[in-house]
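These notes concern the structure reproduced below.
Quick note: the coordinates plus some simple rules give every number you see, no bench work behind them. If you're wondering where the values come from, they're calculated on a predicted model, not measured in any experiment. Here the Cβ positions follow ideal geometry from the backbone for every residue, glycine too, while neighbour counts run over all protein chains shown.
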Amino acid sequence: MSWDWQVFLTDDGSGRTYLEWMLESWRWTLAVAGCAWIVAMLTGAIVGTLRTLPDRPWLVRLANAWVELFRNIPLLVQIFLWYFVVPKLFPSFQQVPGFVLVVLGLGFFTSARIAEQFRAGIQALPRGQRHAAMALGLTTWQTYRHVLLPMAFRIILPPLTSESMNLLKNSSVAFAVSIAELTMFAMQAQEETSRGIEIYLAVTGLYALSALAINRVLAWVERRLRVPGFIAAGATGGH
Amino acid sequence: MGDLDLSFLSLDILQKFVLGGLAFSVQLTVVATLGGIVFGTLLALMRLSGQSWLTLPATAYVNGMRSVPLVMVILWFYLLIPFWIGQPIGAELSAVITFIAFEAAYFSEIMRAGIQSIPRGQVLAGQALGMTYAQNMRLVILPQAFRNMLPVLLTQTIILFQDTSLVYAIGAYDLLKGFTNAGKIYGRPEEAYLLAAIVYFVICFALSAAVKRLQSRWAIVR
């Protein structure tokens, strides 16, 4: 078999080359992953923090239930639930574009994992930190805002990095509901051109490149936020 | 609220569509777990061997597999296996090979951590007794590493079970496909997705609760 990389310069039948189509689908992948990342981080941070609240057993139970629910159903099935079942149950969702539904599905799925990290990070802090904040007369909100969360966030940055890379990889599942992202492109272009190996190599390369970029950016964030004397130097996670 | 109608569901339908799919999902999970642990342990031993001609390929394989989405790996193998063996291959068999190869990378990371968690004195004691490398690994290190890592290995198996739904990409007949087909034929696709979600949830929730119990029991033993 011989290589045929010129396949990327041929027209796909709608006036654009396969290369242009691939780059556009890469943008869709980054858009899905980026929006879902914001949903996942916000929800995950809130749910994970709720799970550690003292004297609020019902909030803790609710947050625990959230994590169990979104962690024990396969991502693909959750995407189908958002895309097909939610609009059927709640007709107001019928106006919501598929992109948003997929972002919610991927975001909430990942939020369960991120909540788990936040809980672990907060509980890894010495008990004295919370007690010191109470002794200073800080409210619960102030304790979390100024004492617990800033340290917990730094502790869990390495696992958050690998969760972020997982989220990017998981965005490939969006192909199942016809979002025009990279995996969708790979499947369709492979079928149309029969140059599967070249197409798959390029798509795989773009996924690896994107994951590497996330890894580098968050490693940089980790270095910038390091508190001297607290977090061990040189911990880069992700790989 | 819209209307969901689950009345189409009957034992007959479950038996006809879902049972076969469930059997394949479970089969795939078990085979991929066992195969993944065997090859993953080999990869871990290669990475810990200290010989660069073993370390480099194993590291490249593990990092390569872990930086690509599983869906892409499934598509890759479905494309390449017929190319290698010169004849078409069924989606189910392709899925089994893919999952063993893919999970080996993840299990190797777990086994590597497990082997590294064994105190150095154990290795030295084995050597002092005159054991060869193979005897030392088989009789002293690996049993302990395996035991230490059992909860993590089982958790990975639950994730693996969830991931088997991704064989959707090549159309293999698994649990999800069973429900999807039933939903299509009876004109109730939404209900079928909901039922699939419930079944997956019940299985995964029960398994993770079992792992948690096992973990707390073993913590006392140790």
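Annotations for the structure displayed:
- For B:Ile185 and A:Leu89, a Förster radius of 22 Å and the Cβ-Cβ distance give a FRET efficiency of 0.50, rounded to the nearest 0.05.
- Nearest-0.05 FRET efficiency for A:Glu192 and B:Leu129, computed from C-beta distance (R0 56 Å): 0.30
- Kyte-Doolittle at least -1.0, axis length at least 24 Å by Cα - qualifying DSSP helices, chain B: B:19-47, B:91-116, B:142-163, B:189-221
- The distance between label points at A:Ile46 and A:Arg145 comes to 1.7 nm (points 7 Å beyond Cα on the Cα→Cβ vector).
- Mean residue ellipticity at 222 nm, helices only, chain A: -21500 deg cm²/dmol; runs of at least 4 DSSP H residues each add -39,500 (n - 2.57), and the sum is divided by the number of residues.
- Chain B: relative contact order as a whole-number percent, Cα under 8 Å and 6+ apart: 30 percent
- Taking every alpha-carbon pair under 8 Å whose residues sit at least 6 apart, region A:5-225 reaches a relative contact order of 27 percent.
- Ordering A:Val217, A:Tyr200, A:Met184 by Cα displacement along the dipole of chain A toward the positive end leaves A:Val217 in first place; charges were set at the Cβ atoms of Lys, Arg (+1) and Asp, Glu (-1).
- Percent breakdown of C-alpha pair distances by 5 Å bin, ordered from the shortest bin, for region A:1-122: 2, 11, 14, 15, 14, 12, 10, 8, 5, 4, 3, 1, 1, 0
- Quotient of Cα Rg and 2.2 N^0.38 Å for the protein assembly as shown, N being how many residues it contains: 1.05
- The spread of Cα positions in chain A, taken along each principal axis and listed from longest to shortest, comes to 70, 48, 25 Å.
- Isotropic mean projected area of the C-alpha convex hull, region A:127-198 (nm²): 7.7 nm²
- Cβ charges +1 (Lys, Arg) and -1 (Asp, Glu), total dipole of region A:101-239, debye: 860 debye
- The label point for B:Leu34 and the one for B:Ser7, both projected 7 Å from the Cα toward the Cβ, are 4.6 nm apart.
- The average projected area of region B:92-222, computed from the convex hull of its Cα atoms over all directions, is 10.1 nm².
- Span-like helix ranges in chain A, DSSP H, alpha carbon extent 30 angstrom or more, Kyte mean at least 0.5: A:18-50, A:98-124, A:196-225
- At the listed q of 0.15, 0.24, 0.25 Å⁻¹, the Debye profile of region B:13-83, built from one uniform point per Cα, gives log10 I(q)/I(0) equal to -0.71, -1.12, -1.13.
- Under 26 Å from B:Lys177, Cα to Cα: lysines that are on another chain or at least 8 residues apart: A:Lys88, A:Lys169, B:Lys16
- The stretch between B:Leu48 and B:Ala206, if pulled fully straight at 0.36 nm per residue, gains 53.4 nm over its current Cα-Cα span.
- P(r) of region B:22-174 over all Cα-Cα pairs, binned every 10 Å from zero, in whole percent: 11, 36, 31, 16, 6, 0
- Full extension of the chain between B:Leu19 and B:Ile85 gives 20.6 nm of extra length, using 0.36 nm per residue less the Cα-Cα distance.
- Label-point separation in nm, A:Ala135 to B:Ile97, each point 7 Å along Cα→Cβ: 6.5 nm
- Selection from A:Ala133, B:Leu214, B:Leu45, by position along the positive dipole direction of the protein assembly as shown (Cβ): A:Ala133
- Relative packing of A:160-173, B:135-148, which averages over residues the other C-beta atoms within 10 Å, highest first: A:160-173, B:135-148
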